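Student: Got a structure here, written out as structure tokens. Questions coming.
The values are calculated or read from the model by the stated rules, or taken from the named source; none is laboratory data. Everything numeric here is computed off the predicted structure, so don't read it as measured data. Cβ: placed from backbone, ideal geometry, glycine included. Neighbour counts: every protein chain shown.
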Amino acid sequence: MYEFSVIGGRTAREIIGASRQDIVDVVRDTYLAHHAGDSVNPDSYFLRFPDKPDARIIALPAHLGAGDTALSGIKWISSFPANIERGIPRASAALLLNDHETGYPFACLEASQISAARTAASAVLAAEQLTGGRSAGKLTVVGAGIIARNILEFFKSLDWRIGAVTVHDRSEEYGSALAAHVNGSLGYPAGTEADLATAVGGADVVVLATTAAEPYILDLGAFAPGQVVLNISLRDIGPELIEGAYNILDDVEHCMKANTSPHLAEQKYGGRHFVTGTLAQLIEGEVSTGADKPVIFSPFGLGVLDLAVGLHVFRKAKASGEAVEVADFFGETTRW
């Protein structure tokens with residue numbers, strides 16, 4: 001009851017790298033549990049700074065399951081885009097897991113790896129559901145950061161057949177680095193493309209994984225009918241394109257906040273008629289998409305996913321002896 005473990009990022013990444021298919025299954029099951037009402041996932045809380053308007057730290061509290069399988073916790077994740085100019089990752093995070101019986105925390109995990117993994121698993125799960133398989137002639141990635149790298153690693157681990165990967169990034173250095181990783185480590189033919197329209201054109205799947213704060217994809221013809229767009233960074237696409245597409249979200253209420261592309265569309269058009277449904281509804285066959293319009297997946301990112309993936313990593317680390325136990329973490333374990 002009073003055990004407390006710490007799991008570092010290197011351990012988490014190794015566990016994630018060895019169990020990506022399991023993590024996709026965990027994410028799928030969690031989406032379905034959330035859809036069934038077996039979760040508590042309140043709004044995220046944003047800490048912002050007057051002197052750093054582009055930076056934020058976000059708290060994502062959540063609860064998942066019931067009875068003996070219930071779990072609570074919170075992810076505390078910072079996003080400091082200026083870190084990219086320093087050559088360090090934009091995001092850093094910690095995840096705290098709490099026992100549902102007593103409320104006591106029992107683990108703290110370095111969570112940037114967990115956050116990236118649940119985001120990548122969500123993206124790849126959506127791509128499979130929306131394309132109906134695990135293949136793409138051309139896959140384009142916009143934004144050559146850590147999230148993009150993780151998404152491509154998940155595609156590879158799930159044995160996707162990809163004819164070619166095109167990388168577009170404002171930084172030639174970062175774009176070339178990701179393309180080299182895809183070529184060398186993942187075995188997909190990959191190259192860079194400086195022109196965004198050319199990069200996106202002809203792609204079966206487009207992954208948007210940038211740090212954009214407002215839409216820059218505004219051309220109504222930017223996406224082709226039937227093209228699957230994974231809107232992972234949430235703010236790249238203008239509201240007019242959202243309105244003219246099939247839109248699958250992870251959670252409608254959560255996505256309609258913080259000036260995401262769907263939120264901008266709701267504000268512009270005064271309603272949500274453009275929302276097709278959620279990924280869980282798609283999995284359950286309650287909604288469907290077609291090939292007559294682009295198909296856009298916009299996941300706001302649910303705290304329950306971090307809990308579920310964090311628990312997976314925690315259990316693997318405990319079983320392998322890689323969790324670091326902190327003796328006497330709790331100063332008092334009796335009332336008297």
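Student: Within the stretch 169-182, is there a residue that is closer than 25 Å to VAL275 by Cα and modelled with pLDDT of 95 or more?
Tutor: Within the stretch 169-182, not a single residue is closer than 25 Å to VAL275 by Cα and modelled with pLDDT of 95 or more.
Student: Counting only residues that are without any contact (Cβ under 8 Å) to a residue 60 or more places away in the chain, touching a strand residue (DSSP E or B) at 6+ places or on another chain (Cβ under 9 Å) and part of a helix (DSSP H, G or I), how many does the stretch 78-110 have?
Tutor: Matching residues across the stretch 78-110 total 2.
Student: While we're here: Out of ARG118, ARG86, ARG149, ARG90, which single residue is buried (at least 24 other Cβ atoms within 10 Å of the Cβ) and within 27 Å of LYS52 (Cβ to Cβ)?
Tutor: Exactly one residue qualifies, and that residue is ARG118.
Student: Moving on to the next point. Somewhere in the stretch 34-55, is a residue in contact (Cβ under 8 Å) with a residue 60 or more places away in the chain, in a helix (DSSP H, G or I) and crowded, with 16+ Cβ neighbours inside 10 Å?
Tutor: Yes, the stretch 34-55 contains a residue that is in contact (Cβ under 8 Å) with a residue 60 or more places away in the chain, in a helix (DSSP H, G or I) and crowded, with 16+ Cβ neighbours inside 10 Å.
Student: Turning to a different aspect of this structure: Hey, does the stretch 9-17 have a residue that's closer than 22 Å to SER157 by Cβ, touching a Leu at 6+ places or on another chain (Cβ under 7 Å), part of a helix (DSSP H, G or I) and among the aliphatic types (A, V, I, L, M)?
Tutor: Yes, some residue in the stretch 9-17 is closer than 22 Å to SER157 by Cβ, touching a Leu at 6+ places or on another chain (Cβ under 7 Å), part of a helix (DSSP H, G or I) and among the aliphatic types (A, V, I, L, M).
Student: Can you give me the number of residues within the stretch 258-275 that are within 18 Å of GLU243 (Cβ to Cβ) and either assigned to a loop (DSSP other than H, G, I, E, B) or touching a Ser or Thr at 6+ places or on another chain (Cβ under 6 Å) (or both)?
Tutor: The number of residues fulfilling the criteria is 8.
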